[in-house]
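Student: Can you keep this structure in mind? I'll have questions shortly.
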Amino acid sequence: KIDKNFSYYFNLKFKSKSFLSNILEIWVNLRSKVFDLPYGDQGLLIHRDLLTSIGGFPNLPIMEDVALAGKLKSKFKPLKIVAQTSAKKYHNKGWVRQSLINLSILIRFKLGQDADFLYNLYYKS
């Protein structure tokens, strides 16, 4: 049963047979559980009342899901459902390179760098 006072997230699975995809899936799912930081392709399920109570969805060009996760801290529960997502950008740019780009954007956002700047940086990298 879904409790409307919590937000739920899906476990991540890439459409890839790469060994590195398995490692990244483990990390992402662990990060979500340990740090209450599900974002990106994991998908969130949030009751409208809860979303309204935290001020709604952040109006940011990038990292809006991270900002939302910050507002929902300690209100996350995993679903026993997998969200399967494309690994195309990881295959194109490389698993390590794309992971480092994502981590860099996340850290810069957490340190307060402007979301518009980060958007341009991410989509030009």
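Student: Just wondering, is there one or more residues in the stretch 48-71 that are modelled with pLDDT of 95 or more, over 14 Å from the mean Cα position of the chain (by Cα), surrounded by fewer than 14 Cβ atoms within 10 Å (Cβ to Cβ) and among the basic types (Lys, Arg)?
Tutor: yes
Student: Got at least one residue in the stretch 71-81 being in contact with an Asp or Glu (Cβ under 6 Å, 6 or more places away or on another chain) and of a type in the set (Phe, Trp, Tyr)?
Tutor: Yes, that holds for at least one residue.
Student: Kindly indicate whether any position in the stretch 94-102 is at pLDDT below 95, farther than 27 Å from LYS1 by Cα and surrounded by 12 or more Cβ atoms within 10 Å (Cβ to Cβ).
Tutor: Initial filter on the stretch 94-102 (at pLDDT below 95): none.
Among the residues of the stretch 94-102, not one is at pLDDT below 95, farther than 27 Å from LYS1 by Cα and surrounded by 12 or more Cβ atoms within 10 Å (Cβ to Cβ), which makes the answer no.
Student: A follow-up question, please. Would you check which residues across the stretch 17-55 are in contact (Cβ under 8 Å) with a residue 24 or more places away in the chain, small (Gly, Ala, Ser) and touching a Lys or Arg at 6+ places or on another chain (Cβ under 9 Å) and list them?
Tutor: Listed by number, the list holds a single entry, SER21.
Student: Out of all the residues in the stretch 74-92, which are in a loop (DSSP other than H, G, I, E, B) and either exposed (fewer than 11 other Cβ atoms within 10 Å of the Cβ) or on the phi > 0 side of the Ramachandran plot (or both)? Show your work before the answer.
Tutor: We begin by selecting, within the stretch 74-92, every residue in a loop (DSSP other than H, G, I, E, B); these are 74-75, 86-87.
Within the stretch 74-92, just SER74 meets the criteria.
Student: Determine whether the stretch 21-35 contains at least one residue that is within 25 Å of VAL96 (Cα to Cα) and not in a helix (DSSP H, G or I).
Tutor: no
Student: Determine whether the stretch 45-52 contains at least one residue that is closer than 20 Å to LEU106 by Cβ and either part of a helix (DSSP H, G or I) or of a type in the set (A, V, I, L, M) (or both). It would help to see each step written out before you state the result.
Tutor: Step one: of the stretch 45-52, the residues closer than 20 Å to LEU106 by Cβ are none.
No, every residue in the stretch 45-52 fails to be closer than 20 Å to LEU106 by Cβ and either part of a helix (DSSP H, G or I) or of a type in the set (A, V, I, L, M) (or both).
Student: Scan (1) within 21 Å of GLN113 (Cβ to Cβ); (2) modelled with pLDDT of 95 or more for the single condition PRO38 breaks and write down its number.
Tutor: The one condition PRO38 does not meet is (1).
Student: For the stretch 93-115, does any single residue satisfy the condition of being within 23 Å of ASP36 (Cβ to Cβ), outside any helix (DSSP H, G or I) and in contact (Cβ under 8 Å) with a residue 24 or more places away in the chain?
Tutor: Taking every residue of the stretch 93-115 in turn, none turns out to be within 23 Å of ASP36 (Cβ to Cβ), outside any helix (DSSP H, G or I) and in contact (Cβ under 8 Å) with a residue 24 or more places away in the chain.
The values are calculated or read from the model by the stated rules, or taken from the named source; none is laboratory data. Since the structure is predicted, the reported quantities are computational estimates derived from the model, not experimental observations. As a convention, Cβ positions derive from the backbone with ideal geometry for all residues, glycine included, and neighbour counts pool all protein chains shown.
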